[in-house]
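> Sharing a structure with you now.
The values are calculated or read from the model by the stated rules, or taken from the named source; none is laboratory data. The model shown is predicted, which means the values in this text are computed figures rather than measured ones. Cβ placement follows ideal geometry from the backbone for every residue including glycine, while neighbour counts extend to all protein chains displayed. Ligands, DNA and RNA are stripped out before the accessible areas are found, and what is left, the full protein with its side chains, is counted by its heavy atoms. Shrake-Rupley method; radii C 1.70, N 1.55, O 1.52, S 1.80 Å.
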Amino acid sequence: MTGIAELKLENENIAIISIAGTWNIYENHPHAEEFIDTILSKPSLQKVDLKFVDLKSWDCVLINFLIHILNACESKNLTVNIDNIPTGIRRLIELSKSSPVRNISSTSRKKPTILEFIGSVGLLIFLSLRTFLDFMEKLWVGIISFIGGKVKIRSQEFAVVLQEVGVKALPIVFLISFLVGLIIAFVSILQLSQFGANIYVANLVGISMMREMGCIMTGIIMSGRTGAAFAATIGTMVVNDEVDALQTAGFSTINFLVLPRVIALTLMMPLLYIFSAFIGIFGGLCAAMFTTDLTVVRYCTQTANAVHLNDFFVGIIKSCFFGFLVAATGCQKGLQCKRSAEDVGLTTTTAVVTSIVAIIIMDAIFAIVFSLFGI
Amino acid sequence: MVPKISVKNLNMAYDKYMVMRNLSFDVQQGEIFLIIGQSGCGKSTLLKYLLGLRRVNHQKIFYDGRDINSVINVPSFYGEKIGVLYQGGALWSSMTLAENVALPLETYTPLGREEIEEIVTLKLSLVGLKGFENFYPSQISGGMQKRAGLARAIALDPEILFFDEPSAGLDSVSAKRLDDLILELKESLGITVVIVTHDLASIFAIGTRAIYLDVESKTITAMGTPHELLMSSNDKNVIAFLSRGTKIAQG
Ligand SMILES: Nc1ncnc2c1ncn2[C@@H]1O[C@H](COP(=O)(O)OP(=O)(O)OP(=O)(O)O)[C@@H](O)[C@H]1O
Ligand SMILES: [Mg+2]
């Protein structure tokens, strides 16, 4: 049997609501709105009587129903006869009413106008830029005092991070760089063979790996791998009060958490870049061996002639910057994490997206600057 | 005498949400000072303000008569003056228990490695964790993490100890042991202790003075020894909060 409620008008002034049946969350039951509409539509009503005739069993849905009815009656100043309410139900209703209400100024939910929207987005960008610059300022102070020997970083922590961002990243960097070199070579050979200029595949692969792809690919790999890990680790530390504990034990979070990571990645990234560039060229070589009649020696001499030392320096400089950027973004987002597990996930995603976007933008800026100086 | 900690007309808020207003109290040297109140009233928040983890205006919080904004920039303030036990222990998870306790010692003292190891073992045995030196925080239980957190908090024998709900999550024997340890630290070393707690047994057992933070009026509604609060307060919330402990208090 399902829950039943009936409203009868005894006379002009008195309404009776009789409640029966089984009221639980699995069965159908009436909704309070219909009753409230009826009650509110009778201005002459003064009293509402609640009757429980054949109530088999009940749970929170009945309580919820009654609370709605009682609130509606209260707002219309109707007297309600609650004497008949079974004691258990009455006690639970009273308990739910005794909970203190947190009266916070309710934020209006109305749709923002276009101007408000633009304003809020602008404000958000401004604020996040400001926190990032704030962070950068502290980081640079840390780096300078590290270089000046005033700050020491924990050697164990540093060694662990160094290993994590260096040796352990080699397999994935190898795989991706090899494939990228291979792909560039295949695509170029298709075009170049039409002119019988197969030999220039070495130039294309060499220059693109050295100047662009080597550092961009390692940057992106490291932001997905290491930047994310930094953000998640530090975010979890925030959630567990570990960062507060560092602060109240007198350790600077910048020196303790951020510096080892930033320094490690800034140092390791150029090495990864060199590795990546050579593996990429090797990938190109493999592709050329398979599809053309070039010899290894010819390919290598051609590469050596095509790639200049300044291409190499461009790559090194860019990869240092990218390493710094990835580590700083990961740490900064991690420190901003709020105190929930959900936020750690969100933080990690933001860190990865931000650093990838930042890498691409940085690269564009570098491209412009280098072309201005003719490097 | 200048109070150890002095709070004057402090307002606490998260953005626009006012948590407590107009808090004023002094904590004297050598006291066990309790911050009590219903869940969600703002005790942990008050602790954050006292620890300088939330930004506070000038002339609101004083340590030994000096403004908190000027003392938190002195490097030794956190290391040597105060120790904190967080609600969940907050051990640094990448380090073993021994490393957790040793880190402040390595940083702030000129002690040699051997002596540090001995002190670490001593502190861990004070909280009943001898033999767990090389365990990582993830390998021990919640209550044990908390006790290890205490060992870390007292590593440098600070002047003031802060506890956020020290006995929550501990069985009654461990909780009693913790109370005894706190009393011992206070008596033998003259440490000042500030405790946020719900635990009525320890409120009456160790508290020298308490303030009650009231959710409804959003300020301090009672101040005094725990017994004074129970006997002579005319605030019904205070009585309700403490009266579950009457039996313990008299027994
Ligand atoms: N980060 C935050 N942002 C906004 N409001 C918060 C935040 N942290 C706490 N609050 C609010 O501040 C009030 C006080 O919280 P607090 O954690 O200080 O309570 P508490 O007294 O320590 O409670 P408990 O005894 O349960 O630990 C609560 O109403 C809570 O909703
Ligand atoms: Mg709390």
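> Students often check this: by mean Cβ neighbours within 10 Å, which of A:316-329, A:147-160 ranks highest, and how do the rest follow?
Highest to lowest by the protection proxy: A:316-329, A:147-160.
> Right, next: Check A:TRP58: other-chain or 5+ apart residues with amide H under 5 Å from its amide H, H built from backbone geometry?
Amide H neighbours of A:TRP58: A:TRP23.
> Rounded to the nearest 0.05, what FRET efficiency do A:GLU116 and A:ARG91 have when you use their Cβ-Cβ distance and R0 = 41 Å?
0.30
> Turning to a different aspect of this structure: Take every residue in peptide B:74-87, count the Cβ atoms of other chains within 10 Å of its Cβ, and give the average of those counts.
Mean shielding by partner chains, rounded to a whole number: 3.
> Tell me which residues come under 5 Å, amide H to amide H, from B:LEU161 once H is placed; ignore anything under 5 positions away on its chain.
B:GLY83, B:THR192, B:VAL193, B:VAL194
> Rounded to the nearest 20 debye, what is the charge dipole size of the stretch B:86-172 about its Cα centre when +1 sits on each Lys and Arg Cβ and -1 on each Asp and Glu Cβ?
Computed charge dipole of the stretch B:86-172: roughly 240 debye.
> Once you charge only the Cβ atoms, +1 for Lys and Arg and -1 for Asp and Glu, what is the size of the charge dipole of the stretch B:1-156 about its Cα centre, to the nearest 20 debye?
It works out to roughly 800 debye.
> Another question, then. Please state the shape class of the stretch B:102-204: rounded when a/c is under 1.5, otherwise prolate if a/b exceeds b/c and oblate if not, all from the C-alpha gyration tensor.
The shape class here is oblate.
> Can you give the accessible area of A:THR79 in Å² (nearest 10), computed on protein heavy atoms with a 1.4 Å probe?
The accessible area comes out at roughly 80 Å².
> Most mobile of B:LYS16, B:LYS130, B:LYS218 per a Gaussian network model of chain B (Cα springs, under 10 Å)?
Of the options given, B:LYS16 has the highest mean-square fluctuation.
> What is the distance in Å between the Cα centres of the stretch A:3-35 and the stretch A:131-196?
Spelled out, the Cα-based centre of one part sits 69 Å from the other.
> Please average, across the residues of B:151-158, the number of beta carbons from any other chain that are within 10 Å of each residue's own beta carbon, and give a whole number.
Mean partner shielding for this stretch: 1.
> Could you give the dipole magnitude of the protein assembly as shown about its Cα centre, charging the beta-carbon of Lys and Arg +1 and that of Asp and Glu -1, in debye to the nearest 20?
Result for the protein assembly as shown is approximately 860 debye, rounded to the nearest 20.
> Over the whole of B:89-95, what's the average partner chain Cβ count within 10 Å per residue? Rounded to a whole number, please.
6
> Run the simple label-point estimate for B:ASP180 and B:LEU122 please: 7 Å along Cα→C-beta, distance reported in nm.
2.0 nm
> A further question on this structure: Of the DSSP beta bridges with both residues in chain A, give the percent that are antiparallel, rounding to the nearest 5.
35 percent
> With each pseudo-label sitting 7 Å past Cα toward Cβ, what's the A:LEU129-B:ASP15 distance in nm, one decimal?
Each label point is offset 7 Å from its Cα along the Cβ direction, giving 2.2 nm.
> What value does the stretch A:153-372 have for Rg/Rh, both radii from Cα atoms and Rh as Kirkwood defines it?
We get a ratio of 1.08 for the stretch A:153-372.
> Could you work out how far apart the two model spin labels at B:ASP235 and B:LEU189 are, taking each label as a point 7 Å from the Cα in the direction of the beta carbon, and quote it in nm?
Spacing of the two 7 Å Cα→Cβ label points: 3.2 nm.
> Here is a follow-up. Using only the Cα atoms of the stretch B:35-132, build the gyration tensor, take square roots of its eigenvalues as a ≥ b ≥ c, and label the shape rounded, prolate or oblate: rounded if a/c is under 1.5, else prolate if a/b is larger than b/c, else oblate.
Taking the square roots of the gyration eigenvalues as a ≥ b ≥ c, the stretch B:35-132 is oblate.
> In vacuum, with every alpha carbon of the protein assembly as shown counted as one equal point scatterer, what does the Debye formula give for log10 I(q)/I(0) at q = 0.06, 0.12 Å⁻¹? Two decimals, please.
-0.53, -1.20
> Given R₀ = 41 Å, FRET efficiency for B:ASP171-B:ARG54 by Cβ-Cβ distance, to 0.05?
According to the calculation, E is roughly 0.80.
> While we're here: Rounded to two decimals, what is Rg over Rh for the stretch A:4-118 when you use alpha-carbon atoms and the Kirkwood radius?
Answer for the stretch A:4-118: 1.10.
> Continuing with this model, one more query. Report the full-extension gain for the segment A:SER155 to A:ILE375: residue separation times 0.36 nm, less the Cα-Cα distance, to one decimal in nm.
Net length gain for the segment: 75.4 nm.
> What is the Rg over Rh value, at two decimals, for chain B, using alpha-carbon atoms and the Kirkwood definition of Rh?
The Rg/Rh ratio comes out at 0.97.
> A further question follows. One-quarter of the Cα convex hull surface for chain A, in nm²?
Dividing the Cα hull surface by four gives the mean projection, 32.5 nm².
> Determine the gain in length on full extension of the stretch B:GLU228-B:HIS198; use 0.36 nm per residue of separation and subtract their C-alpha separation, reporting nm with one decimal.
9.1 nm
> For the ranges A:290-296, A:168-174, what's the packing order if you count other beta-carbon atoms within 10 Å of each residue, average per peptide, and put the highest first?
Order by mean packing, descending: A:168-174, A:290-296.
> Please compute the length gained on full extension between A:HIS308 and A:MET136, using 0.36 nm multiplied by the number of residues separating them and subtracting their Cα-Cα distance.
58.5 nm
> Okay, next question. How do B:167-174, A:129-136 rank on mean C-beta neighbours within 10 Å, highest first?
The peptides rank, most packed first, as B:167-174, A:129-136.
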